[in-house]
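Peer 1: Here it is, the structure in full.
The values are calculated or read from the model by the stated rules, or taken from the named source; none is laboratory data. For clarity, every value in this text was computed on a predicted model and none was experimentally measured. Using ideal geometry, Cβ is built from the backbone for each residue, glycine included, and neighbour counts are taken over all protein chains shown. Just the protein is used for accessible areas: all its heavy atoms, side chains included, with ligands, DNA and RNA removed. Shrake-Rupley method; radii C 1.70, N 1.55, O 1.52, S 1.80 Å.
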Amino acid sequence: MKQDVKEYVIQQLNEMTSIPYCCEEAKAAAADWMNAIGTDKEAEQTVKLLAELEEDLLPIDSLIAFAGSEAGINVFGGEENAQKEISRAKERKAAGAKYCDCPACAAALAVLEKREELI
């Protein structure tokens, strides 16, 4: 793997894992991958990391559904903010967006876009 790709992925993973709502499994996969860089476990951990990020990346339809749920209303700080998020997500979907654009999902997607260079 090229040094610039490695540095980019590490930066994205550090950003992702610093977000409080990033799931523990993604944090663990990121740490395991970073610890495996340059070892005989790197390829194995790369596969595990990519699989975890694919699993955690929230499709835009799921974001819309979540924002309309009771839990989503609480996360977005009330009904009004949740409705704003639903409207924004629907606009993004109409423009072709496939995934949530929160900082955690954006970082995960940025790493996944480097898949070919990582494997």
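Peer 1: Considering every pair of different Cα atoms, what Kirkwood radius, in Å, is found for region 50-119? Display every interim value, and only then the final one.
Peer 2: Details: mean 1/r = 0.0785 Å⁻¹.
Roughly 12.7 Å, rounded to one decimal.
Peer 1: With respect to the cross-link table entries 27/90; 27/48; 6/98; 48/98, which display a Cα-Cα separation exceeding 19 Å? Please list the in-between numbers first.
Peer 2: Values: 27/90 29 Å; 27/48 12 Å; 6/98 25 Å; 48/98 23 Å.
Check vs 19 Å cut-off fails for 27/90; 6/98; 48/98.
Peer 1: Shifting gears a bit: Please compute the per residue accessible area over region 1-86 with all protein chains in place, 1.4 Å probe, rounded to a whole number of Å².
Peer 2: So region 1-86 comes to 58 Å² accessible per residue, rounded to a whole number.
Peer 1: To continue, here is another question. Measure off 7 Å from each Cα along the Cα-to-Cβ vector at residue 65 and residue 14, then give the distance between these two points in nanometres to one decimal.
Peer 2: Label-label distance for residue 65 and residue 14, simple model: 3.6 nm.
Peer 1: Pull up the cross-link candidates among the lysines for residue 2, meaning alpha carbon to alpha carbon under 18 Å and not fewer than 8 places away within one chain.
Peer 2: Hits, sequence-local ones excluded: 41, 114.
Peer 1: Let me ask something additional. I'd like the Karplus ³J(HN,Hα) series for region 20-32: coefficients 6.51, -1.76, 1.60, θ = phi - 60°, whole numbers in Hz, and an x wherever there's a Gly or Pro.
Peer 2: Running phi through 6.51 cos²θ - 1.76 cosθ + 1.60 with θ = phi - 60° gives x, 8, 5, 5, 5, 5, 5, 4, 5, 5, 5, 5, 4 Hz.
Peer 1: I'd like the Karplus ³J(HN,Hα) series for region 89-105: coefficients 6.51, -1.76, 1.60, θ = phi - 60°, whole numbers in Hz, and an x wherever there's a Gly or Pro.
Peer 2: 5, 5, 5, 5, 4, 4, 8, x, 5, 10, 9, 4, 10, 4, x, 5, 5
Peer 1: Enumerate the calculated ³J(HN,Hα) couplings along region 50-60 in order (Karplus 6.51 cos²θ - 1.76 cosθ + 1.60, θ = phi - 60°), each rounded to whole Hz, writing x wherever the residue is Gly or Pro.
Peer 2: 4, 5, 5, 5, 4, 5, 8, 5, 8, x, 4
Peer 1: Using the alpha-carbon centroid of each, what span in Å lies between region 82-116 and region 1-45?
Peer 2: A separation of 20 Å, based on Cα centres.
Peer 1: Non-local amide H neighbours of residue 99 (under 5 Å, H modeled in plane, Pro and chain starts lacking H): which ones?
Peer 2: HN-HN under 5 Å from residue 99: 60.
Peer 1: Determine the dipole magnitude for the chain: charges of +1 sit on the beta-carbon of Lys and Arg, -1 on that of Asp and Glu, nothing else is charged, the reference point is the Cα centre, and the result goes in debye to the nearest 20. Don't skip to the answer; put the middle values down first.
Peer 2: Numbers: 13 positive and 23 negative charges, 67 e Å.
In total the dipole reaches around 320 debye.
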